[in-house]
Ligand code: SF4
Ligand code: SF4
């Protein structure tokens with residue numbers, strides 16, 4: 001029979017010697033290893049008090065952008081949804097009505113915009129596909145939760161707050 005790896009080791013079934021039965025040498029050996037690690041640089045951190053710096057290429061939660069006048073950039077063109085390999089984006093477009101020019105930059109806007117963060121693989125394709133600079137991925141990640149519904153982020157969760165407005169927790 002052909003061996004899959006060369007890592008297999010035969011089990012040592014010899015009876016234990018008197019020193020082995022004492023276990024003390026094995027405990028001492030273990031303690032030496034433990035003490036050696038006390039003086040080495042720690043690889044772990046005390047999260048969440050301490051946080052590691054994100055990599056410059058980290059892609060986290062999405063935000064929907066506004067223009068300099070606070071109007072929504074998204075025109076519900078659907079390119080982000082089409083480019084999404086995980087089919088995580090859902091939206092419904094609507095026509096801007098007279099008097100809503102201060103809310104939406106163009107004649108069409110997303111009346112509903114949802115991203116299912118459990119489906120999302122944070123590839124960033126939506127950001128790249130968007131011709132309106134309306135969606136981008138930030139350096140935050142979705143907080144943990146006990147139910148799946150809370151991972152479906154709606155427009156109110158994604159939209160950048162207006163100046164002076166507080167973002168929903
Ligand atoms: S980051 Fe990728 S998977 Fe997530 S919504 Fe955008 S395109 Fe879809
Ligand atoms: S976020 Fe960008 S790509 Fe997606 S619907 Fe809005 S404008 Fe189009």
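In the range 94-105, the qualifying residues are those that are within 15 Å of ligand 2 (Cβ to nearest atom) and assigned to a loop (DSSP other than H, G, I, E, B), and the one that is farthest from the chain's Cα centre (by Cα) is 96.
Here residue 5 meets each of (1) in a loop (DSSP other than H, G, I, E, B); (2) in contact with a helix residue (DSSP H, G or I) (Cβ under 8 Å, 6 or more places away or on another chain) with one exception, condition (2).
Any chance the range 45-54 includes a residue that's touching a helix residue (DSSP H, G or I) at 6+ places or on another chain (Cβ under 8 Å) and free of Cβ contacts under 8 Å to residues at least 40 places away in the same chain? No: zero hits. Of everything in the range 68-93 that's loosely packed, with under 13 Cβ neighbours inside 10 Å, more than 19 Å from the chain's Cα centre (by Cα) and at pLDDT 95 or above, which residue is farthest from residue 155 (Cα to Cα)? The selected residue is 82.
Scanning the range 79-106 for residues that are touching a strand residue (DSSP E or B) at 6+ places or on another chain (Cβ under 7 Å) and either within 16 Å of ligand 1 (Cβ to nearest atom) or without any contact (Cβ under 8 Å) to a residue 24 or more places away in the chain (or both) turns up 80, 81, 88, 89, 90, 91, 92, 93, 94, 95, 96. Restricted to the range 106-159, and to residues there that are in a helix (DSSP H, G or I) and away from ligand 2 (no atom under 16 Å from the Cβ), the residue that is farthest from residue 67 (Cα to Cα) is 148. Applying the criterion of being in a loop (DSSP other than H, G, I, E, B) and farther than 19 Å from residue 116 by Cα to the residues of the range 59-88, the residue that is nearest to ligand 2 (Cβ to nearest atom) is 75.
Within the range 17-44, if we keep just the residues that are part of a loop (DSSP other than H, G, I, E, B) and either loosely packed, with under 10 Cβ neighbours inside 10 Å or in contact (Cβ under 8 Å) with a residue 24 or more places away in the chain (or both), the residue that is nearest to the chain's Cα centre (by Cα) turns out to be 44.
Among the candidates 91, 162, the residue that is farther than 27 Å from residue 55 by Cβ and in a strand (DSSP E or B) is uniquely 91.
The values are calculated or read from the model by the stated rules, or taken from the named source; none is laboratory data. All figures in this text were calculated on a predicted structure; none of them were measured in a lab. No Cβ is skipped: glycine too gets one built from the backbone with ideal geometry, and neighbour counts run over all protein chains shown.
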